[in-house]
1. Would you list the strands (runs of 3 or more DSSP E) that sit entirely within the range 1-87 and hold 2 or more residues that are of a type in the set (Lys, Arg)?
2. Within the range 109-134, which residues are over 15 Å from the mean Cα position of the chain (by Cα), surrounded by 13 or more Cβ atoms within 10 Å (Cβ to Cβ) and part of a strand (DSSP E or B)?
3. It is to be established whether one or more residues within the range 89-103 are in contact with a Gly (Cβ under 8 Å, 6 or more places away or on another chain), at pLDDT 90 or above and not in a helix (DSSP H, G or I).
4. Tell me which residues, restricted to the range 86-106, are surrounded by fewer than 13 Cβ atoms within 10 Å (Cβ to Cβ) and among the hydroxyl-bearing types (Ser, Thr, Tyr).
5. Evaluate the following for Ile14: is it over 28 Å from Asn170 (Cβ atoms), over 14 Å from the mean Cα position of the chain (by Cα) and among the β-branched types (Val, Ile, Thr)?
6. So which of Asp20, Asp63, Asp75 ends up being charged (D, E, K, R), touching a Ser or Thr at 6+ places or on another chain (Cβ under 6 Å) and at pLDDT 90 or above?
7. List the pairs whose first member sits in the range 157-184 and is assigned by TED's automatic domain parsing to the domain that holds Gly36 and surrounded by fewer than 15 Cβ atoms within 10 Å (Cβ to Cβ), whose second member is of a type outside the set (A, V, I, L, M) and modelled with pLDDT of 85 or more, and whose Cβ atoms are under 6 Å apart, counting only residues at least 6 apart or on separate chains?
8. Filter the range 42-93 down to the residues that are closer than 22 Å to Ser104 by Cβ and either touching a helix residue (DSSP H, G or I) at 6+ places or on another chain (Cβ under 6 Å) or aromatic (Phe, Trp, Tyr) (or both) and list them by number.
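The values are calculated or read from the model by the stated rules, or taken from the named source; none is laboratory data. Since this is a predicted model, take the numbers as computed values, not measurements. FYI the Cβ positions are ideal-geometry reconstructions off the backbone, even for glycines, and counts take in every protein chain you see.
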Amino acid sequence: MLLSLTEIKQYLKITSTTYDSLLTAINTNVQSMIEGFINRKLDIQVHYKLYSLRDNYELLLDDIQIKSIEKIATDLDIKNKTYSTEITEYIFNKEVGLINFYNSIDTGEYNIYIEYTSENNNQGIKHILLDMISKKYYDVDQKRFGLNSKNIMNENINFSYSDITEDDTNFLKEYRKIPGLLGMEVDKFTSI
C-alpha cells in the first residue's frame, strides 16, 4: 500500500489500535478506487513487460514513477521467454516515463521487453488518499450512492469516483494512463 497504517493514524491523530482493521480496509479500498480512476498501480512494484514499439526511437512507459530500469531487450522469443539482444544505449526521462533510444529499433507488436521498478512518492496523491480515508472513517454511517459498496467490520461503506473532489480530479488527471500505451505484464525473460 502507498500509505502505511502509521501514516494514516498520524494524519487522523489516532493512537488506539481499536480501529486498525477498519482503517486498513478503508485504505485498501480507497487506494483501489484511485488506482481505478487513474488506471495505474500506486505501490512499489517490479515489472516485466512487453511493449509494442510504434516509433523507432522512443517508447512511453505506462507507470507513474519509474524508480529504475533494469533491462531493455529485443529479439524476443515470447514462447520461451527469452531475448537475444539487450539495449543499453538510451536516455530515460523519469518525469514523463519516456525512453529515447540512441539507435533505431524495429517497430512491432510486443517486440520490446523491459524490466523496471516503479514507485510513487507523490505527496499530492498521498494527501488525496489521506483525505478520502479520513472522510470514509468519519462518515462511516452516511448513506449515498456509490460505485462500489463494501461491508467492512459490519459497516457499509460506499466508494465512488464522485467522492473525488473536482480539484483532486484535476490533479489526478495528469497521472491517468493513456489507453493504447499499455504494456503487457509477463513473466521474467532470460537471455539466450
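1. On the way: elements: 45-53, 58-60, 66-77, 82-86.
Result: 66-77.
2. Passing the criteria: Tyr110, Asn111, Ile112, Tyr113, Ile114, Glu115.
3. Our first condition is that a residue be in contact with a Gly (Cβ under 8 Å, 6 or more places away or on another chain); within the range 89-103, this holds for none.
No; the residues of the range 89-103 include none that is in contact with a Gly (Cβ under 8 Å, 6 or more places away or on another chain), at pLDDT 90 or above and not in a helix (DSSP H, G or I).
4. Thr88, Tyr102, Ser104
5. Details: over 28 Å from Asn170 (Cβ atoms): yes; over 14 Å from the mean Cα position of the chain (by Cα): yes; among the β-branched types (Val, Ile, Thr): yes.
It is true that Ile14 is over 28 Å from Asn170 (Cβ atoms), over 14 Å from the mean Cα position of the chain (by Cα) and among the β-branched types (Val, Ile, Thr).
6. Numbers: Asp20 fails: touching a Ser or Thr at 6+ places or on another chain (Cβ under 6 Å); Asp63 fails: at pLDDT 90 or above.
Of Asp20, Asp63, Asp75, the one residue that is charged (D, E, K, R), touching a Ser or Thr at 6+ places or on another chain (Cβ under 6 Å) and at pLDDT 90 or above is Asp75.
7. Final answer for the pair search is Tyr161/Phe37.
8. If the condition is that a residue be closer than 22 Å to Ser104 by Cβ and either touching a helix residue (DSSP H, G or I) at 6+ places or on another chain (Cβ under 6 Å) or aromatic (Phe, Trp, Tyr) (or both), then Tyr51, Tyr57, Tyr83, Tyr90, Phe92 are the ones that fit.
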